[in-house]
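Student: Starting off with a structure, shown below.
The values are calculated or read from the model by the stated rules, or taken from the named source; none is laboratory data. In this text the structure is predicted, and so the values were computed from the model without any measurement. Glycine gets a Cβ as well: all are built from the backbone with ideal geometry, and neighbour counts include every protein chain shown.
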Amino acid sequence: MTVERLLEPGNIPTTLWDKEVGVLSLPKHLSEIYVDIVESKGLRALGEARPGGDGPVGGIDKRSTDIHFAQAFDGSVARALLAILDPKSEVGSTSNNFIRVTAGGELVLTDAPCGAGAASFAFLTVLAELREKGVLPRQALKVKLVAAELSEFAKEYFGEILSRLQPKLEAQAIFVEFELLKWDVTCAISTSELVKASVRASSSKCSQMLVIANFNGFLMQSGKFKLAKPQLSELFRYATGDESFAVWIEPHMNRATDAGGLLPAIFGLYSGLRKLIRLDDKELSSVKPLHQTEAKFTLPLQPIFTARVRLAVIPMDLTRTGL
């Protein structure tokens, strides 16, 4: 079934998507800040030595965080950008959900694990650029960003990038308040604190978007999914509400998308919410759970070169039934 697009591919600015060659460009303000931080931290040589494929998984220590930031942050931004813009119309309702919750008013955006902020900042800066180019109207949007991450070093990058982005966002009537938490998905207490923060940020007028990105390495490759499953279920359950959506973003790789992989397991958790959300068993059975696409993107550190980004995504409608 063809989804009617709220952001038609033909309306995507060439500053973000060059349809002639099929290449994405990161939003300019985010790209400039990323390059500046990489250079100021002495990480340019490391960034330019990026490996092929989807890049390093990352970790909680400083060295692992620096490597991931220098070699994979831009790819993570590009992956989220591909989900939002969907220039090939291959990711189902993902783009439409983003357009709906960012139209104006108030939005609670929960990003966990946020890492250095690639997914959140892709969402916010692509919205700013679409507004700047006149593609979307510049209506006041108050964003309450609840971000959670285990690595203290990644949180430092997150805070620095956001502080530098805020003036650029405010120029497009996007006003961001944020809370940055330490979160361990295997810990029930830690997850309860995250849930309480998201609930505190919410009001009856708020749209909600839960973003979970690039978690396969930790959950599956490190064997943590069984410990994390109850906490992930809690996170989904409390994310349900009026005008509420979630999106799970991963690199498209067989170990994440095949039967027994992370993403089929996540759709199982989503299906378990059938008593809360407006989709019944029949509707859920007709939902295509997993969408895949890929594209090239221009490397911010080496703009004469491109790299390939592969996306696997599950968009989830968490709007409550009203029961």
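Student: Consider Ser233 carefully, then state whether it is over 22 Å from Ile67 (Cβ atoms), exposed (fewer than 15 other Cβ atoms within 10 Å of the Cβ), hydroxyl-bearing (Ser, Thr, Tyr) and out of contact with any strand residue (DSSP E or B) (no Cβ under 6 Å at 6 or more places or on another chain).
Tutor: no
Student: For region 78-179, list the helices (runs of 4 or more DSSP H) that sit wholly inside it and hold at least 2 residues that are small (Gly, Ala, Ser); which are they?
Tutor: 118-132, 152-170
Student: Within the bounds of region 186-206, is there any residue that is small (Gly, Ala, Ser), closer than 24 Å to Leu7 by Cβ and surrounded by 15 or more Cβ atoms within 10 Å (Cβ to Cβ)?
Tutor: Checking region 186-206: not a single residue is small (Gly, Ala, Ser), closer than 24 Å to Leu7 by Cβ and surrounded by 15 or more Cβ atoms within 10 Å (Cβ to Cβ).
Student: Of everything in region 85-109 that's charged (D, E, K, R) and surrounded by fewer than 24 Cβ atoms within 10 Å (Cβ to Cβ), which residue is nearest to Phe175 (Cα to Cα)?
Tutor: That would be Glu106.
Student: Tally up the residues in region 119-156 that are among the aromatic types (Phe, Trp, Tyr) and under 22 Å from Pro251 (Cα atoms), please.
Tutor: Residues in region 119-156 being among the aromatic types (Phe, Trp, Tyr) and under 22 Å from Pro251 (Cα atoms): 2 in total.
Student: Output the qualifying pairs, or none if there are none: Cβ atoms under 6 angstrom, residues six or more apart or on different chains, first residue in region 70-82 and farther than 13 Å from Val23 by Cβ, second residue polar (S, T, N, Q).
Tutor: Pairs that qualify, where the first residue is farther than 13 Å from Val23 by Cβ and the partner is polar (S, T, N, Q), are Ser76/Asn214.
Student: In region 254-280, which residues are surrounded by 15 or more Cβ atoms within 10 Å (Cβ to Cβ), over 13 Å from Ile314 (Cα atoms) and among the hydrophobic types (A, V, I, L, M, F, W, C)?
Tutor: Listed by number, the residues that qualify are Leu273, Leu276, Ile277, Leu279.
Student: Select from region 47-67 the residues that are farther than 21 Å from Lys296 by Cα and surrounded by fewer than 20 Cβ atoms within 10 Å (Cβ to Cβ) and write down the one among them that is modelled with the lowest pLDDT.
Tutor: Restricting to residues being farther than 21 Å from Lys296 by Cα and surrounded by fewer than 20 Cβ atoms within 10 Å (Cβ to Cβ), the top hit is Gly59.
Student: What are the pairs with Cβ atoms under 8 angstrom where one residue, in region 205-221, is free of Cβ contacts under 8 Å to residues at least 60 places away in the same chain and farther than 21 Å from Thr240 by Cα and the other, located anywhere, is surrounded by fewer than 24 Cβ atoms within 10 Å (Cβ to Cβ) and among the charged types (D, E, K, R)? Sequence gap at least six, or different chains.
Tutor: These pairs meet every condition: Asn216/Arg255; Met220/Arg255.
Student: In region 192-216, how many are more than 16 Å from the chain's Cα centre (by Cα) and part of a helix (DSSP H, G or I)?
Tutor: 10
Student: Moving to a separate point now. For region 131-181, which residues satisfy the criterion of being buried (at least 19 other Cβ atoms within 10 Å of the Cβ), β-branched (Val, Ile, Thr) and under 21 Å from Pro27 (Cα atoms)?
Tutor: Val143, Ile161, Ile174
Student: Return the pair list, or none, for Cβ contacts closer than 7 Å from residues in region 234-261 that are at pLDDT 90 or above and acidic (Asp, Glu) to residues that are part of a loop (DSSP other than H, G, I, E, B) and buried (at least 22 other Cβ atoms within 10 Å of the Cβ), at least 6 apart or on different chains.
Tutor: Matching pairs, first to second residue: Glu250/Asn214.
Student: I would also like to ask the following. Considering Ser31, Ser40, Ser25, which residue is polar (S, T, N, Q) and either farther than 29 Å from Phe98 by Cα or modelled with pLDDT under 95 (or both)?
Tutor: Unique residue meeting the criteria: Ser40.
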